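The values are calculated or read from the model by the stated rules, or taken from the named source; none is laboratory data. In this text, all values refer to a predicted model and were calculated from it rather than measured experimentally. Quick reminder, even Gly has a Cβ in these numbers, built from the backbone with ideal geometry, and neighbours come from all protein chains shown. Quick note on the areas: whole protein, heavy atoms, side chains included, nothing else; ligands and nucleic acids left out. Shrake-Rupley method; radii C 1.70, N 1.55, O 1.52, S 1.80 Å.
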Amino acid sequence: MDLIVTHQAADFDALASLVAAKKLYPGSKLMIPGSPEKAVGQFLSFCGDVIKIEKEKECNISNVTRLIIVDTRLASRIGKASQLLLKKIPILVYDHHPPAAQDIKATAGKSERLGATTTLLVSYLAKKKIDISPIEATIMALGIYEDTGALTYLSTTKKDIDAVSFLFSKGANLKIISSYLNRRLNPAQTSILIRFLNSAKSYNFIDKRVIIAAISSNKYIQDLALLTHKLRDTEGCDAIFCLVELPDKIQMVARSDCVDIDVGAAAVKLGGGGHNLASSGIIRDLTLKQVEERILELLSRQVKAEVSLAERIVSREPDRVEGEIVKPLLKKDLAKKLKKTLPQHTLGILEITGRIADKDNIQAFAVGGFVRDLILGVKNLDVDIVIEGDIRKFAKKLARELNGALVLHKKFKTATIVMNDKSKVDVATSRTERYHKPAALPEVKASRIREDLQRRDFTINTMAVKLNRREFGELLDFFDAQRDLKRGRIRVLHKMSFVEDPTRIFRAVRFESRYNFEIDKYTENLIKTAVSDDMFTKVSGERLREEIVLILKEPRPLKALKRMAELHELRFIHPVINFNHKLLRGLERSEEILVWYRITFARKHIESWLVYFLALIDQLDLKRTEELLKRFPFRRKEQDIIRATKKMDTLVFLALSKRKAMRPSQIYRLLSHLSKETILAIMAKAPRLIVRRRVSDYLTKFLHVKIKIKGEDLKKEGFKPGPDFSRILEKVLYARLDGHLKTRSDELRFVRRLKKPKSTVT
Ligand code: CTP
């Protein structure tokens, strides 16, 4: 008898390959070793009648005379079927993974680098003109869609696309496919995802960003592949490894989006399997730390480069070896790095700047955060340029060459060039600044680059890269910035730094949490002195507003907020704000909800910072909120949202908390006039599941319900145009939301009925 087997934790490609292989080898038995992925399990519970698959435990393999293996070539992944490899029976393998040393030696079959194994088998079915039913076509298309990210992954080939189009001609049902592909996360999955997010460490390999996220769990995580995908989308990285430390082993799923990072090869070395863009495995006999180290080692070998100084720094656990000597980066190294990591457009700006400077016989540099992030390997396309010369003349030439619009800020001797794609280049002349009084705006004097760098906030922001052609890429580091970057240290250059500019306190905290650095003791003491001297009262509300928004716009602002609270500096928002446990929980819930929102509505923009801000001012009543709005000049729209939240949140929150069943139209009426930010703030206020569920229903379902009839239809029905129109259409919408109306004719019948009480509508 023939047995067709696939790999453990079978995904849809594995399932579809079983189904397709059975068409090629009718009469064979199908087996999935261990448990399939959760979604596949759910699918099978509906389609168990159509596809008969035996469980590993119940499957008798003693009478197998031929073994067909699909979607893997590794003996370690086929469960007890691996015992058959010792027998002298034909072994056929159909697979799309790259070859590995441990591959099963097959007697026949085929392996080809395709997006999905199903594609390979479907091509045989098409060639042999074997009949396929619509449900079989649906499963097979689902398999290809899943493994190719709906034909979007780099691994997708023309053959995958042809196979999908063939399957649609056989009746594949897109509705069923998308219902399995666009799986939303349930609350338990969301909370696992957040744990992964919080554990994520970022590493840079040349220009590729790899995330390793690891958590512990008592039990196997069924949908780790789905969570890994979501995490990758959320982090926007090039490759990701999700590790789960189980009591006796480590579960791993990895995904890559680029050909340079081969997660399959890494997984094979760790005892798992897969291909270059997707892999998984169970790892035994290694600790979590060892697995992480192995992954880093394997990846750095793959990209054929050592993990550079900067790359190690980006890790959230910066290496802080006291007294270690950091070699200065060589000029050549940085030039190479600039060329390798920057997009052509940004590199072009730097080269053009250098060329113009050469012609004018002056020096030009890229400086500040741009250089810091370049060395850290963090993406930053905001170019800050400093020239040692006449800013006006230079900026005009540069704007002309870059075809950008020029804004000159004469007083500060700076210029901004705005390009067509809205990206910006800031140009300044190297200068010293004198402050007339603490926290006042600086007075500018022409000077040289070293002095320019010396007046900056922290050592890590004091590097400059030369742009003139001959010295292109030369790094100037006068203040040991590389050393502080390596040690992960935020350090001021002089003791008056926070007196000159107290907003630097926010910047210190922001950098500390963004890069997982530490403010050094000396700098921290200076902050504490500035705070006790009430330095913030000397800063304008506008600058404070800008800084708090910048903190809240960081990818994970909570850490910075906690640090601000530790330094007693949330008082500046309002003296009554008490950073207690309740406030912290509100902020944590905001983070969870924003992650959920980002995953569920990937393309819908929201001002996340405002959701955090609303949680932060939750203790303020309306009167105090008005005081706050007077001090900080928020934009009109932001003010409206803040006020509306204060007026409505408790009311809406209480209404949504009621146990009594609510009609969809009742929920809609409560929420439809509120901004998304307010709605999410209400959701974050609510530990009660019922509120979250109702808001979630509103955002995911009710908000998208549309009625079919329009004002024109009302006119035709004899209604007179006027304010009643929108009221009537609203009623139609409510009735549709509550499920009373399904079609356009239902809606027309409904409005006709409304017409009867003459007084309201005619
Ligand atoms: N700077 C400073 N003091 C401030 C603000 C800025 O010394 N209060 C200097 C720093 O050297 C900084 C540079 O000006 O690197 C540019 O400022 P900005 O663009 O605001 O900061 P970045 O360091 O690029 O920070 P981010 O990555 O958050 O944009």
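Restricting region 357-368 to residues that are buried (at least 16 other Cβ atoms within 10 Å of the Cβ) and over 10 Å from Asn468 (Cβ atoms), the residue that is farthest from the ligand (Cβ to nearest atom) is Ala366. Among the residues making up region 398-438, those that are small (Gly, Ala, Ser), at pLDDT 90 or above, crowded, with 16+ Cβ neighbours inside 10 Å and not in a helix (DSSP H, G or I) are Gly404, Ala415, Ala428.
If the condition is being modelled with pLDDT of 90 or more, more than 16 Å from the ligand (Cβ to nearest atom) and open to solvent by less than 70 Å² (accessible area, probe 1.4 Å), then region 382-397 contributes Phe394, Ala395, Lys397. The single condition among (1) in contact (Cβ under 8 Å) with a residue 24 or more places away in the chain; (2) in contact with a strand residue (DSSP E or B) (Cβ under 8 Å, 6 or more places away or on another chain) that Arg195 does not satisfy is (1).
Checking Asn516 against (1) more than 22 Å from Ala335 (Cα to Cα); (2) of a type in the set (S, T, N, Q); (3) away from the ligand (no atom under 12 Å from the Cβ); (4) modelled with pLDDT of 90 or more, which test does it fail? Failing condition for Asn516: (4). Assess whether Ile211 counts as being open to solvent by less than 20 Å² (accessible area, probe 1.4 Å) and at pLDDT 85 or above. Yes; evaluated as a whole, the condition is true for this residue.
Of all residues assigned to region 468-489, none qualifies as being in contact with a strand residue (DSSP E or B) (Cβ under 8 Å, 6 or more places away or on another chain), touching a residue at least 40 places away in the same chain (Cβ under 8 Å), open to solvent by 20 Å² or more (accessible area, probe 1.4 Å) and within 10 Å of the ligand (Cβ to nearest atom). Among the conditions (1) outside any loop (DSSP other than H, G, I, E, B); (2) out of contact with any His (no Cβ under 8 Å at 6 or more places or on another chain), the only one that Asp746 does not satisfy is (2). With respect to (1) open to solvent by 50 Å² or more (accessible area, probe 1.4 Å); (2) assigned to a loop (DSSP other than H, G, I, E, B); (3) under 27 Å from Gln251 (Cβ atoms), the lone exception for Arg195 is condition (2).
Against the list (1) assigned to a loop (DSSP other than H, G, I, E, B); (2) more than 16 Å from the ligand (Cβ to nearest atom), the condition Lys379 fails is (2). For region 55-79, which positions are closer than 18 Å to Thr117 by Cβ and among the hydrophobic types (A, V, I, L, M, F, W, C)? Leu67, Ile68, Ile69, Val70, Leu74, Ala75, Ile78 - these are the residues of region 55-79 that are closer than 18 Å to Thr117 by Cβ and among the hydrophobic types (A, V, I, L, M, F, W, C).
Among the residues of region 351-372, those that are farther than 12 Å from Val383 by Cβ and assigned to a loop (DSSP other than H, G, I, E, B) comprise Asn361, Ile362, Gln363.
Please verify whether region 535-545 includes one or more residues that are modelled with pLDDT under 95, surrounded by fewer than 20 Cβ atoms within 10 Å (Cβ to Cβ) and within 10 Å of the ligand (Cβ to nearest atom). Yes, region 535-545 contains a residue that is modelled with pLDDT under 95, surrounded by fewer than 20 Cβ atoms within 10 Å (Cβ to Cβ) and within 10 Å of the ligand (Cβ to nearest atom). Flag: Arg631 matches the condition of being charged (D, E, K, R), farther than 28 Å from Arg232 by Cα and in contact (Cβ under 8 Å) with a residue 40 or more places away in the chain. Across region 255-271, the number of residues qualifying as in contact with a strand residue (DSSP E or B) (Cβ under 9 Å, 6 or more places away or on another chain) and without any contact (Cβ under 8 Å) to a residue 40 or more places away in the chain comes to 6. So in region 601-626, with the set limited to residues that are open to solvent by 30 Å² or more (accessible area, probe 1.4 Å) and outside any loop (DSSP other than H, G, I, E, B), which one is farthest from Arg643 (Cα to Cα)? Filtering region 601-626 for residues that are open to solvent by 30 Å² or more (accessible area, probe 1.4 Å) and outside any loop (DSSP other than H, G, I, E, B), the one farthest from Arg643 (Cα to Cα) comes out as Ser608.
When Leu402, Leu350, Leu406, Leu398 are screened for being in contact with a strand residue (DSSP E or B) (Cβ under 7 Å, 6 or more places away or on another chain) and without any contact (Cβ under 8 Å) to a residue 24 or more places away in the chain, only Leu406 passes. Remark: Glu524 falls outside the filter, which requires a residue to be more than 16 Å from the ligand (Cβ to nearest atom), under 30 Å from Leu185 (Cα atoms) and out of contact with any Asp or Glu (no Cβ under 8 Å at 6 or more places or on another chain).
Inclusion of Thr156 among residues that are part of a loop (DSSP other than H, G, I, E, B), open to solvent by 60 Å² or more (accessible area, probe 1.4 Å) and among the polar types (S, T, N, Q) is not warranted.
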